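Reading through the structure tokens given below for one structure.
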Amino acid sequence: MYAAAPSASTTHYAVHHASKLERRGRPGVVLTYDTLHADTLNSVAGCGMPLRFVEVPYPVEAASEAALEAAAERVADALGAPLGAAEREVGRKASTPTPT
């Protein structure tokens, strides 16, 4: 699991580094914050490959126990699910431009 701090730049770095590891055959899940949803989508689109990510509530300390349990379940599901066909493909794909 690759975790990002609550900023757009560290979200981008987490996605970028996760994509490098996945190209080397090390699949994983990127943990990001729900307040950075658009930034996460842009970073995933820019890396040119499908990456799994799970969003957690921000700030974490203000999240309910139920919200944190749900996030933990999503992480476990993402880590345990078999790779899909697109995830098994090796190499870089053309990124899809995100409308501005």
- prompt: Between a first residue in region 1-30 that is more than 13 Å from Gly46 (Cα to Cα) and a second residue that is of a type in the set (Phe, Trp, Tyr) and part of a loop (DSSP other than H, G, I, E, B), which pairs have beta carbons less than 9 Å apart while being 6 or more apart in sequence or on different chains?
  reply: Pro6/Tyr58
- prompt: Do we have any residue at all in region 10-30 that's out of contact with any Pro (no Cβ under 6 Å at 6 or more places or on another chain), farther than 16 Å from Ala78 by Cβ and hydrophobic (A, V, I, L, M, F, W, C)?
  reply: no
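Any chance you could count how many residues in region 46-66 are under 15 Å from the mean Cα position of the chain (by Cα) and either surrounded by fewer than 15 Cβ atoms within 10 Å (Cβ to Cβ) or in a loop (DSSP other than H, G, I, E, B) (or both)? Let's see the steps before the verdict.
Step one: of region 46-66, the residues under 15 Å from the mean Cα position of the chain (by Cα) are 46-57.
Retained after the next criterion (residues that are either surrounded by fewer than 15 Cβ atoms within 10 Å (Cβ to Cβ) or in a loop (DSSP other than H, G, I, E, B) (or both)): 48-51, 57.
Going through region 46-66 one residue at a time, the tally reaches 5.
Rundown of residues vs (1) of a type in the set (Gly, Ala, Ser); (2) more than 14 Å from Ala8 (Cα to Cα); (3) touching a Pro at 6+ places or on another chain (Cβ under 7 Å), yes/no style:
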| position | (1), (2), (3) |
| --- | --- |
| His37 | no, no, no |
| Ala45 | yes, yes, no |
| Arg52 | no, yes, no |
| Gly80 | yes, yes, no |
- prompt: Can you name the condition, by its number, that Pro27 falls short on among (1) in a helix (DSSP H, G or I); (2) at pLDDT below 95; (3) of a type outside the set (S, T, N, Q); (4) out of contact with any Phe, Trp or Tyr (no Cβ under 6 Å at 6 or more places or on another chain)?
  reply: (1)
query: Looking at His17, His37, which one is open to solvent by 70 Å² or more (accessible area, probe 1.4 Å) and over 23 Å from Thr100 (Cβ atoms)?
result: His17
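The values are calculated or read from the model by the stated rules, or taken from the named source; none is laboratory data. Quick caveat: nothing in here was measured; it's all calculated off a predicted structure. Cβ atoms come from the backbone with ideal geometry, glycine included; neighbour counts cover every protein chain shown. Remember, those area values only see protein heavy atoms, side chains included, never the ligands or the DNA or RNA. Shrake-Rupley method; radii C 1.70, N 1.55, O 1.52, S 1.80 Å.
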